[in-house]
Amino acid sequence: MLARRLAFVAAAFLTPAMAATPDPQATAADTVAMSIDASKPGAKIDRNIFGQFAEHLGTGIYEGVWVGPDSPIPNTRGIRNDVVAALKALKVPNVRWPGGCFADEYHWRKGIGKSRLATLNPNWGGVIEPNSFGTHEFMDLIGQIGSEAYLSVNIGSGTPQEAAEWLEYLTTDQPTALATERAANGHPAPYKIPYLGLGNESWDCGGNMTPEYYTRQMTIYSRFVRNFNPAQRDAGKMLRIAVGPGGGESRWTDWTEVVMKAWQGHQWSWDMEGLSLHNYTVIKWPPAYASVGFGEKEYAEILQKTLEMDGLIAKHSAIMDRYDPEKKIALVVDEWGAWYAKLPGSPEGFLAQQNSQRDAVLAALNLNIFARHADRVRMANIAQMVNVLQAMILTDKEKMVLTPTYHVFHMYVPFQDATFVPVSFDAGTYAQGDVKLPRVDAIAAKDAAGKIWMAVANVDPNRPATITASVAGLAPRSAAGQTLTGPRVDSVNTFEAPTSVTPKPIAARVQGGTVTLTVEPKSVTVIAVQP
Ligand code: AHR
């Protein structure tokens, strides 16, 4: 009788989502005890770590964002309304554009004005670049989604003059010839450009430069590519991001050394505020792992690979600390995400892939790593926003679907600009063949209203985990949020079944300062703990 009564009381705490996945096998071993210390705030988790990257590549811009004003697909000045609405909900802090490798062959003048001449996109399939989406269209997109511009200037095949004129065209409020041209093209007011990338992968597709040669070039661009917008003189000063490493080997540590050393000894005439890091989750080149139709082995291997991000950041941060102990220079992970084999039948060079529950867990693990390094990592850009690599959104003509990665970014919105608070726990182990991974991962943060947010990734695809989190420095009264999982590790959302992986509500039990919740296998959960 008592047992039946307790079962009833327990069921009363469960949301329909939790009740639908009872945990008959749960044992003490499935419980992970965590302690959150809200009295020990850490660094701010900069909202910019939730940045996006949109390159002229495949259908990332054309079709994915830009359909043109005459398209039957609902659009505002040529930019598709469904994609804008979805991105607005993500509170995208910044969008990096126009590349990638594309940026070092991009000549901005071809993308302004009434008659746009077609050029080529040699990096990505050699297709025609119509130039119909150019500077004004990008800035319109930024305005429509409520984001900020992160422009990458062409150091590889451009000139300092070309880049300097682009910035003058965009930002001056003086009646120069370029500002007059901007006004004639529809935008009399200067644009705000808060972030400027000085080249892209200059060690490779951006010009095969040595670190010394790149640094020499970069300092010239830093000197002459000015932002004239009067609103960006002081607090809103444009941040210049230099090309940084693309891995952890000595070639890359040398690169970080050379650029940071130059910065440490820099003269008044040039400066930089960020150093980029590119790191894709890819097991071998060319990428061979499938983005859908894989099993637990590939799930575990990819997640093991993605966790290398932590060591990579630690390694480059340690070098940066030697030249910049005050952490003035941000480490900007402006290309990250999973890179799989192209979808069968998709064009060469379009980097089209599906996005599964594995990618949701992968996204959460990386966001958690960035948050733990929030004192140095102050910006990141997942590759890429729409239809390319680990995308938020997939489109097919008039159809659109949100990916599992989109849902993770949406669930993590409360972490934007929240203050990191430490969580300690013994993660336990999830083993698959030779691969051994921490079974769970978690971060916590305090928002401006004093609420604690907690994100938990249950990496184990077979066992649920019961989390008991004691919270010091705050008396929790209630806790609830959302959880994301799918039937299989490779579950995806398709145009036909767009909600196979979709967040569900989850409630936690709060008793005596401890929050208890059970998270499903291969899931990502974000809850708010209310004081
Ligand atoms: O995101 C795809 C490509 O990956 C980018 O253009 C380049 O910078 C990187 O190698």
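The values are calculated or read from the model by the stated rules, or taken from the named source; none is laboratory data. In this text, all values refer to a predicted model and were calculated from it rather than measured experimentally. Because the Cβ atoms are built from the backbone with ideal geometry, glycine has one as well, and the counts that use them run over all protein chains shown. Accessible surface areas use protein heavy atoms only, side chains included; no ligands, DNA or RNA. Shrake-Rupley method; radii C 1.70, N 1.55, O 1.52, S 1.80 Å.
Counting only DSSP beta bridges with both residues in segment 48-146, what percent are antiparallel, rounded to the nearest 5? Working shown, then result.
Details: 6 of 9 bridges.
In segment 48-146, DSSP labels about 65 percent of beta bridges as antiparallel.
Using a Cα-Cα cut-off of under 23 Å, which lysines could be cross-linked to K342, ignoring same-chain neighbours fewer than 8 residues away?
Result set, ordered by chain and number: K284, K297, K305, K397, K399.
Which log10 I(q)/I(0) values does segment 335-427 give at q = 0.11, 0.16, 0.23, 0.26 Å⁻¹ under the Debye formula, counting every alpha carbon as one identical point scatterer?
-0.37, -0.71, -1.22, -1.43
For the chain, compute the orientation-averaged projected area of the C-alpha convex hull (one quarter of its surface), in nm².
On the way: hull surface 100.3 nm².
Its average projected convex-hull area is 25.1 nm².
Give the long-range amide H neighbours of K91: residues separated by 5 or more places, or on another chain, with amide H under 5 Å away, using H modelled in the peptide plane at 1.01 Å from N.
The list, which skips near neighbours in sequence, is empty: none.
Which log10 I(q)/I(0) values, to two decimals, does segment 349-403 give at q = 0.14, 0.15, 0.22, 0.29 Å⁻¹ under the Debye formula with one point per Cα?
One equal scatterer on each Cα of segment 349-403 leads to -0.45, -0.50, -0.87, -1.15.
Amide H neighbours of R439 under 5 Å, counting only residues 5+ apart in sequence or on other chains, H built in-plane at 1.01 Å?
Sorted by chain and number, the residues that satisfy this are G428, T429, Y430.
Run down the lysines and flag those whose C-alpha is under 27 Å from the C-alpha of K192, throwing out any fewer than 8 positions away in its chain.
Excluding near neighbours in sequence, the set is K44, K88, K91, K110, K114, K237, K327, K328.
Which value in Å does the Kirkwood hydrodynamic radius of segment 81-145 take, with 1/r averaged over all unlike C-alpha pairs and then inverted?
13.1 Å
Whole-Hz Karplus ³J(HN,Hα) for segment 345-352, in order, using 6.51 cos²θ - 1.76 cosθ + 1.60 and θ = phi - 60°, x for Gly and Pro?
Working through the residues one at a time gives x, 7, x, 4, x, 9, 6, 8 Hz.
Would you mind telling me the antiparallel percentage of the DSSP bridges in segment 305-433, rounded to 5? Write down the numbers at each step before the final one.
Details: 4 of 9 bridges.
So the antiparallel bridges in segment 305-433 amount to around 45 percent.
Using only helices, what value at 222 nm comes out for the chain when you add -39,500 (n - 2.57) per DSSP H run of length 4 or more and divide by the total residues, to the nearest 500 deg cm²/dmol? Before the final figure, lay out the partial values.
Working: 12 runs with 138 residues, N = 531.
For the chain, the value works out to -8000 deg cm²/dmol.
Just for the Cα atoms in segment 128-228, what are the lengths along the principal axes, largest first, rounded to whole Å?
41, 30, 26
By DSSP, what percent of the beta bridges with both residues in the chain are antiparallel, rounded to the nearest 5? Walk me through the numbers on the way to the answer.
Working: 57 of 95 bridges.
In the chain, approximately 60 percent of DSSP beta bridges are antiparallel ones.
With just the Cα atoms of segment 40-129, tell me how far they stretch along each of the three principal axes, in Å, largest first.
57, 32, 24
So what's the gap between the Cα centers of segment 35-95 and segment 485-507, to the nearest angstrom?
Taking the Cα centre of each part, segment 35-95 and segment 485-507 sit 21 Å apart.
Take segment 227-331, drop everything but the C-alpha atoms, weight them equally and run the Debye formula without solvent; then report log10 I(q)/I(0) at 0.18 Å⁻¹ to two decimals.
One equal scatterer on each Cα of segment 227-331 leads to -0.90.
Rank D254, D82 by accessible area, highest first, at a 1.4 Å probe radius?
Values: D254 80, D82 45 Å².
The ordering from most to least exposed comes out as D254, D82.
What are the ³J(HN,Hα) couplings of segment 523-531, residue after residue, when phi is run through the Karplus curve with 6.51, -1.76, 1.60 and θ = phi - 60°? Round to Hz, x for glycine and proline.
With coefficients 6.51, -1.76 and 1.60, one gets 10, 10, 10, 10, 10, 9, 9, 8, x Hz.
For segment 108-113, just list the computed ³J(HN,Hα) in residue order, Karplus coefficients 6.51, -1.76 and 1.60, θ = phi - 60°, integers in Hz, with x standing in for Gly and Pro.
4, 5, 6, x, 10, x
Dipole of segment 422-531 (Lys/Arg Cβ +1, Asp/Glu Cβ -1, origin at the Cα centre): which of V471, A444, S523 lies farthest to the positive side?
V471
Considering amide H positions built from the backbone, and no H for Pro or chain starts, which residues 5 or more places from V489, or on another chain, come under 5 Å of its amide H?
When sequence neighbours closer than 5 places are left aside, there are no close amide H contacts.
When you take every Cα atom in segment 381-428, what is the radius of gyration, and what is Dmax, the widest Cα pair distance, in Å?
Final numbers for Rg and Dmax: 15.1, 47 Å.
What translational diffusion coefficient, in µm²/s and rounded to a whole number, does the Stokes-Einstein relation yield for segment 18-168 at 37 °C and a viscosity of 0.692 mPa s, taking the hydrodynamic radius as the Kirkwood radius over Cα pairs? Can you show the working numbers first?
Numbers: Rh = 18.3 Å.
Answer from the Stokes-Einstein relation: 179 µm²/s.
Would you kindly compute the Cα radius of gyration of segment 268-411 and its largest Cα-Cα separation (Dmax), both in Å?
16.5, 55
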